[in-house]
There are 4 protein chains.
Amino acid sequence: MDTHFIKNNNISLDLAVEAREIVRGQTGQEIPGCIMEKETYNNATVTIVRVVEKYAEEIMGKPQGNYITIDAPSIRDNSKQAHQDIAEILAKQLSALFNLPEHANVLVVGLGNWNATPDALGPKVVGMTLVTRHMYNYAPEEIRGGMRSVSALSPGVLGLTGIETAEIIKGVVERVKPELVIAVDALASRSVERIGTTIQLADTGIAPGSGVGNKRTGLNKETLGVPVIAIGVPTVVPAAIIAGETLDRLVEQVKDKPELQGIYQNMNSETFQPIVNAILQPYTSGQLMVTPKEIDSLIETTARVIAGGISLALHPAISVEEYSQYLH
Amino acid sequence: MDTHFIKNNNISLDLAVEAREIVRGQTGQEIPGCIMEKETYNNATVTIVRVVEKYAEEIMGKPQGNYITIDAPSIRDNSKQAHQDIAEILAKQLSALFNLPEHANVLVVGLGNWNATPDALGPKVVGMTLVTRHMYNYAPEEIRGGMRSVSALSPGVLGLTGIETAEIIKGVVERVKPELVIAVDALASRSVERIGTTIQLADTGIAPGSGVGNKRTGLNKETLGVPVIAIGVPTVVPAAIIAGETLDRLVEQVKDKPELQGIYQNMNSETFQPIVNAILQPYTSGQLMVTPKEIDSLIETTARVIAGGISLALHPAISVEEYSQYLH
Amino acid sequence: MDTHFIKNNNISLDLAVEAREIVRGQTGQEIPGCIMEKETYNNATVTIVRVVEKYAEEIMGKPQGNYITIDAPSIRDNSKQAHQDIAEILAKQLSALFNLPEHANVLVVGLGNWNATPDALGPKVVGMTLVTRHMYNYAPEEIRGGMRSVSALSPGVLGLTGIETAEIIKGVVERVKPELVIAVDALASRSVERIGTTIQLADTGIAPGSGVGNKRTGLNKETLGVPVIAIGVPTVVPAAIIAGETLDRLVEQVKDKPELQGIYQNMNSETFQPIVNAILQPYTSGQLMVTPKEIDSLIETTARVIAGGISLALHPAISVEEYSQYLH
Amino acid sequence: MDTHFIKNNNISLDLAVEAREIVRGQTGQEIPGCIMEKETYNNATVTIVRVVEKYAEEIMGKPQGNYITIDAPSIRDNSKQAHQDIAEILAKQLSALFNLPEHANVLVVGLGNWNATPDALGPKVVGMTLVTRHMYNYAPEEIRGGMRSVSALSPGVLGLTGIETAEIIKGVVERVKPELVIAVDALASRSVERIGTTIQLADTGIAPGSGVGNKRTGLNKETLGVPVIAIGVPTVVPAAIIAGETLDRLVEQVKDKPELQGIYQNMNSETFQPIVNAILQPYTSGQLMVTPKEIDSLIETTARVIAGGISLALHPAISVEEYSQYLH
């Protein structure tokens, strides 16, 4: 598939696997400075993109680090077994990204706006997280052995608080002094297929301006002083991308007709952007989102899977089976 | 603007003004058997489409009757005055559609799924409606003079109840025996500009298969035995329409280039539909919606305006100013 | 324990086991015309009170019929196993109350106000009920074999709709024509211990004026034309009962002191009622409720258990384990 | 009214006016080291208790400072005019408690648990607060002239976050550096009459262990480094107080009968506490709350009044009339 529109409009993509597709689409070959791995599981495929060389950062539009994508279309199925499988894969991948001491202190942060369904994933996961920090020091050693000290916070968004989300988190990190921050966020994808079914883990934290609500400041080791693992799930596709990709596909279909050569060469963002703008007005490019009708229940399920995966990774003493006993 | 895609794909439009645009776009002239009027107000434009002749029904895809469209972009402004103005215009238009006796009994029905934000308009309006039926017979004559007996119900959707919405409403209508049913519903539009800012009133009731949730059975005088006025507001644009209209606009732009004549003639739904399907898969045409990020607050505001307009029309003794005293 | 206050103030109790306690407390012996049975299970005790003779109705303040009380304090524990056990006991008791044909059509009704946490049990159960009626006739025989046609409705309360709840249900029953109605409601108890942990089943339906919100009309075979099984859970204790029982207990403690004989004899409702009224003013007796701080999560858990029990009873093909797969 | 139970059980009261009543009840005279003033308004009475001397702190159980109580039973009326009047009185009293520079930076903190209706007042007020900090520096001087830089945060409760609320607030205060913190909280009262109708302002901040959810750490100038004004509204009465006051009143009624002298002297907490415990078991004293059925709508109204009062005090350029335009 051609990717004229996304490239020419400098749309930055939240998912590393999608950034890679775009770059590879352009060059037709593997990206230098990047390593790609694939693992196949029951109910999920895992793709790991490692941006290993500094010079690959600019090509990919992503900082050096590890990006793990779990593609799990069976999240959409109403199967408890599938959901447990995916939570376990998430726990395994999450554990592989950090090497936490036994009694480590972890802060889970839920980014996004709880009032807007497609942006509410982070706060929902926080609401389902098994929080232990306030009881941890009173618990007997045999319990603490298989658990970690976990706290959780949904800082809200700038429009609700008047405070940059990153400022709130910095303030709390300075007090709680966690060894690791796990930040959960709703993402934008270029593909409706990934909505609610793809989970991305990144040990580079949250990039500035990413996510459904275009969070402004980045959250990473540099800004917070502790490592940040980001867990994101696409919940929307920007409407501009739907419109742009439609144009790309039309052009793709007709481009091998010799009589169109001239026109095709002119079909760049100068032609496309006014069309897309006209369709979306009076909204600007980032304000309109494509989302499935059932987004409420998709987010509910995905949040359960993510909260389950986080708990399994942080509290190894708790089995998947037992886990749901801790959730109301 | 061309409307190739909507015409060729037999997409039925919830708004009569949009249906009219499509038909006029084809023929280039006013539609026989229809009358169109326009009124201009502070903060709103009102367009009335009257399908007066039986033969116009098929052309318009709408049954004989009156369709009033209030276009009020200032609903998006955070201005109390604008909202009161629009509620008053709605009340005036609503009153013009029926001739209710002084002590009439009216049932307000809120269609749609309260769990899915863009489909929740109807239930929200019901929650804000000033319900009086249970106190009406106990109230002294001087109070009842300027009020009517109003009841309100949100029947839910088929997936939540297992019962056709129309069946629930019929059962309740047989018990409550209202002289009029007002049915409020979230609609799909072809234009993002109309989301949350256009209000349509129709004295033909609710057409089968219309609305965001594709309600299956129609609600009208024939099915319920009493007149039904429908109040609808677009809250989404189907993603397929965004994709389709993008294609239409591209073709429009290049169609006067002579070297493209041949290609343009082949650019019909056979070319377009596979492209749109590919973009939207694995979802089918009706499952993906384009909606603004701020849809939650847009629906909140619109619901207040509609509930206000209904109360003003049904309870003439209550001024706009006082009205908000009755709402919690 | 003495029960001066409840008796002298003619407080009607929603739970038959509590009505029986009061009557027995008075007479000191088993109630004529009633049969009492007890069953003990893992995680629950079941008490069955059968009002078998007509003349016992007035003594008990309950119509002839079977009242099953499941006392399950372990609902408060965060144990999935306990919750499954209790759902299975509920399913067994529910199945014993009716003899439904294989393909029977059942309507589940959730009484109460979804806006008021302690009165929201019924609507919550409806939201968790596995609804099948709309798909039942399309399902292949091998699936329908172990399932029944279930529909579900939360009619709201009089203050929200302006329509008597019983009227809405009658209208829907006439349309849906179920063989059985199961009505779920939040109850008032005299004991805080029972809040969220006692489940009462009654094949006599819902008594007029019972429940947290004092639903006005009864729901039973006479009013609806089909059998009604009521499932109720206490979520509050009226504050007047707390005050009254406190007085009863004080009097109890001092009543064997000879010097108090005279005073004790005067300590009847004429002494008590003004004290209770003064404490509760400006509220009237039924408006103030005692409820635990954690009522939100207690109701959440109890609703899951009840929805699970209903589904097990109505859909025998679905195991407890599988059941949660059908719930989001 | 006697206050045996509260005194003897060392129940600490959130409201200074109630603490004063108890102390005065004991001594029968005005409290040394305290000053009391009364102001009467349309729709409200204002009582100001000033703990001026250090030695009065222990008698009152309240630190030195100013405690302003606004008693406004008409909050319960559905009158917009009354609500505006009360918001204006609150604004006036709030302004009198601090002397803020024109461009001051204020942080509004909403304490309590948003999942439990009676404890959700603080988060609700935060959700309705007109937040300006993120736009303040970009606004033209003529707008900033009559407004202040306001941010707002609902930190959650310990059980939800695993972090002491005070720690989160300290972290954010260090970042945002406000000149003033306004902390809003739901309180417990000894009188049902005050629920939802009394507003207390205190320039001493939040006492440790106060509020519906028994917040553990205090919030005041010492712990946060900036002045803290607390705004609290009773939303519950502990069930133990209802029981205890019932006993007090009974004893009061019989205490002038000479034959009861001996018994009365023994009727202290040793007699009362076991009775109250028996009534409330298995709950402990602080877990059961008395609250009116309509607490949801009472809190909704009170939150609007408080958010309105705060905005009027902080943004003098905004009139009451205009204020509601800023709220969705």
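The values are calculated or read from the model by the stated rules, or taken from the named source; none is laboratory data. Since this is a predicted model, take the numbers as computed values, not measurements. No Cβ is skipped: glycine too gets one built from the backbone with ideal geometry, and neighbour counts run over all protein chains shown. Just the protein is used for accessible areas: all its heavy atoms, side chains included, with ligands, DNA and RNA removed. Shrake-Rupley method; radii C 1.70, N 1.55, O 1.52, S 1.80 Å.
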- Nearest-ten-degree value, helix A:165-176 long axis tilted from longest Cα axis of chain A: 20 degrees
- Relative contact order computed over the stretch A:71-179 (Cα-Cα under 8 Å; 6+ residues apart), in percent: 28 percent
- Task: Determine the shape class of the stretch B:43-134: with a ≥ b ≥ c the square roots of the Cα gyration tensor eigenvalues, call it rounded for a/c under 1.5, and otherwise prolate if a/b is greater than b/c, oblate otherwise.
- Result: rounded
- Working from the pairwise distances between different alpha carbons, so that the mean of 1/r is found and then inverted, what is the stretch D:94-249's Kirkwood radius in Å? 16.5 Å
- Task: Lys and Arg at +1, Asp and Glu at -1: add these up for the other residues within a Cβ distance under 13 Å of A:Glu174 and post the number.
- Result: +2
- Note on the structure: In chain D the DSSP beta bridges are antiparallel at a rate, in percent to nearest 5, of 60 percent
- Note on the structure: For D:Ile35, inter-copy label-point distances (7 Å, Cα→Cβ), nm, shortest first, read 7.5, 7.6, 7.8
- Query: Say a label goes 7 Å from Cα toward Cβ at B:Val52 in every copy; what distances in nm does this one have to the rest, shortest first?
  - Reply: 7.8, 7.8, 8.3
- Magnitude of the charge dipole, the protein assembly as shown, Cβ model with Lys/Arg +1 and Asp/Glu -1, debye to 20: 0 debye
- Item | Stretchable slack from B:Gln253 to B:Met135, in nm (0.36 nm times residue separation minus alpha-carbon distance) | 36.3 nm
- Query: If we count every other residue with Cβ under 13 angstrom of B:Pro63's Cβ, Lys/Arg +1 and Asp/Glu -1, where does the sum land?
  - Reply: -1
- Item | Other protein chain Cβ atoms within 10 Å, averaged over every residue that makes up C:285-292 | 6
- Mean residue ellipticity (222 nm) of the protein assembly as shown, computed from DSSP H runs ≥ 4 via -39,500 (n - 2.57), nearest 500: -12000 deg cm²/dmol
- Query: Nearest 10 degrees, 0 to 90: what angle lies between the long axis of helix B:80-97 and the longest principal axis of chain B (Cα atoms)?
  - Reply: 90 degrees
- Sum up the lysine pairs in chain D that clear both bars: alpha-carbon distance under 16 Å and a spacing of 8 or more or different chains. 7
- Query: With respect to the symmetry axis carrying chain D onto chain A, which residue of chain D exhibits the smallest Cβ distance to that axis, and what is the value in whole Å?
  - Reply: D:Gly171, 2
- Message: Amide H of B:Val150 versus every other amide H placed in the peptide plane: which residues, excluding those fewer than 5 positions away on the same chain, fall under 5 Å?
- Response: B:Val106, B:Thr132, B:Arg133
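Determine, from the Cβ-Cβ distance of D:Ala104 and B:Asn42 and an R0 of 45 Å, the FRET efficiency 1/(1 + (r/R0)^6), rounded to the nearest 0.05.
0.70
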- Note on the structure: Here the longest stretch of chain B that holds no chymotrypsin sites (Phe, Trp or Tyr not before Pro) in a DSSP loop having at most 14 other beta carbon atoms within 10 Å is B:139-328
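What average count of beta carbons from other chains do you get within 10 Å of the Cβ of residues in B:41-51?
Details: counts 0, 0, 0, 0, 0, 0, 0, 0, 0, 0, 0.
Whole-number average of other-chain Cβ neighbours for B:41-51 is 0.
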- Task: May I ask you to derive the relative contact order of the stretch D:36-90, considering only C-alpha pairs under 8 Å and at least 6 residues apart, and to give it as an integer percent?
- Result: 32 percent
- Note on the structure: Interface C-B: total buried accessible area (1.4 Å probe, Å², nearest 100) of 1900 Å²
- Net charge of Cβ neighbours under 15 Å - reference D:Gly225; Lys, Arg +1; Asp, Glu -1: 0
- Message: Could you check the spin-label model distance between C:Gln287 and C:Glu174? Points 7 Å from the Cα along Cα→Cβ, value in nm.
- Response: 3.6 nm
- Message: Pairs of alpha-carbon atoms within less than 8 angstrom and 6+ residues apart define the contacts here; what relative contact order does chain D have, in percent?
- Response: 22 percent
- Dimensionless Rg ratio for the protein assembly as shown, taking C-alpha atoms and the 2.2 N^0.38 Å reference: 0.97
- Item | Portion, in percent, of the accessible area of chain C that falls on carbon or sulfur, probe 1.4 Å | 49 percent
- Note on the structure: Taking Cα atoms only, helix C:295-314 is inclined relative to the longest principal axis of chain C by an angle, in degrees rounded to 10, of 50 degrees
- Item | In Hz, Karplus ³J(HN,Hα) per residue of the stretch B:47-57 (6.51, -1.76, 1.60; θ = phi - 60°; x = Gly, Pro) | 10, 10, 10, 10, 8, 9, 9, 3, 5, 7, 4
- Task: Please list, in chain and number order, the residues 5+ apart from C:Gly211 or on another chain whose amide H is under 5 Å from its amide H, with Hs placed from the backbone.
- Result: C:Ala188
- Across peptide C:272-280, how many C-beta atoms of other chains are within 10 Å of each residue C-beta, on average? 4
- Message: In Å, what Kirkwood hydrodynamic radius results for the stretch C:167-224 from the alpha-carbon pair distances?
- Response: 12.8 Å
- Message: Assume the label is 7 Å from Cα along Cα to beta carbon: what separations in nm does A:Pro140 have to the matching positions in the other copies?
- Response: 5.3, 7.0, 7.2
- How much of the DSSP beta bridge set in the stretch B:34-172 is antiparallel, as a percent to the nearest 5? 75 percent
- May I ask you to give the average projected area over all directions of the convex hull of the Cα atoms of chain C, in nm² rounded to one decimal? 18.1 nm²
- Out of D:Gln81, D:Pro101, D:Gly33 - ranked by how far each Cα lies towards the positive end of the dipole of the stretch D:27-102, with unit charges on the beta-carbon of charged residues - the top one is D:Gln81
